[in-house]
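Worksheet for the structure shown next.
Taken together, the values in this text are just the output of simple stated rules run on the coordinates, not laboratory data. Bear in mind that the values here come from a model prediction, so they are computed numbers and not experimental data. Note: ideal-geometry Cβ built from the backbone for every residue, glycine included; neighbour counts use all protein chains shown.
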Amino acid sequence: MPEIKKVGVLGCGLMGSGIAQTAATAGFTTVARDVGAPLLEKGRGGILKSLGRLVEKGKLEASARDAASGRLSFTTDLDALRDCDIIIEAVTEDLELKNRLWKELDQLCPGQTIFASNTSSLTIAAMAAATSRPDRFVGLHFFNPVPLMPLVEVVRTVTTSQETFDQAYAFARDLGKEPVTATDSPGFIVNLLLVPYLLDAARALEHGVATTVDLDRAMQLGCGHPMGPLTLLDYIGLDTVVRISEIMFDAYREPRYAAPPLLQRMVVAGFHGRKNGKGFYDYSVDPAVPSDLALGTSVKSER
């Protein structure tokens, strides 16, 4: 099997920058590409900050931080990914946008380059079919924050070759991750189970079952979860969850994948979670406080 030495990352947002950091830290020459310099600078700054925190916490040597930084480059030029051995896409969950990029890269890259998508809800086959290399296409679904979360879902389509799958699986291990195998169905393993749980938590709040704080506390203390479902919704991004739920509902036509009215209203009103400081909690203060009054829910939190 051809050895993977150079990694390309499409998108330098939260997930893309995390993937780029992880690849560079694991020893791979890594090129991160985004559409504009401000996005690249934001991604670069986030990576340097994250690496610095790992050094401060004693989880990474300063020399390893410097070496990882030296392996990273940033570009707005798609052609700069031409000689990558694997390209991992981490752009917006928009199939048309993704496929436009894949078609361009399909013309630029040699036939042995592996294409991988970090999509959390779209099918890999829908992207592989847009290229001339469906046998070299695979899903690599990372979890946020990528440098810390150990899991990668390796998604195989009906057209993915055994060699490509084996390479992608081994690559995930080389990144220091624990890979699991998933079939190519919307949501794969984790989101297939997680999204209904998160949507049910929003429904419970909407129906007045309990307060924001008590819903979160109950799942933390009763089920041993590291954070409650409403806090997790804020962490992922409410707009992101609504988009994922729309894709999964379109695929499965099951009510459990439909975003409840409360969640849809919040997104329309600009409540996107931690990314913009307001979601089920208000992050403009420290510590964050519940946003129940703003949300108009029937049960108010006391904190």
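Okay, here's what the table says:
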quantity	calculated
Per-peptide average of other Cβ atoms within 10 Å, ordering 244-250, 86-92 highest first	86-92, 244-250
For the range 191-289: rounded, prolate or oblate by the Cα gyration tensor [a/c cutoff 1.5]	oblate
Residues Tyr169, Tyr257, Tyr235, Tyr281 arranged by fewest to most Cβ contacts within 10 Å	Tyr235, Tyr169, Tyr257, Tyr281
Cβ-based charge dipole, the chain, positive-most Cα from Gln162, Leu194, Tyr257	Leu194
Relative contact order of the chain, pairs being alpha-carbon contacts under 8 Å that are 6 or more residues apart, as %	13
Relative packing of peptides 260-266, 16-22, 120-126 - highest average C-beta neighbours within 10 Å first	16-22, 120-126, 260-266
Neighbour-count order for Leu199, Leu40, Leu48, fewest beta carbons within 10 angstrom listed first	Leu48, Leu40, Leu199
Cα gyration tensor, the range 1-49 - rounded (a/c under 1.5), prolate or oblate	prolate
Cα pair distances in the chain, grouped into 10 Å bins until the bin that holds the longest one, percent each	6, 26, 32, 24, 10, 1
Prolate/oblate/rounded label for the range 177-216 (Cα gyration tensor, a/c 1.5)	oblate
Inter-label distance for Asp83 and Glu61, nm, one decimal - labels placed 7 Å from Cα along Cα-to-Cβ	2.9
Long-range HN-HN contacts of Val152 with modeled amide H, under 5 Å	Glu178, Val180
Local electrostatic count at Ala68 - Lys and Arg +1, Asp and Glu -1, tallied over other residues with Cβ under 14 Å	+4
Exposure proxy order (Cβ contacts within 10 Å, fewest to most) of Val9, Val190, Val31	Val190, Val31, Val9
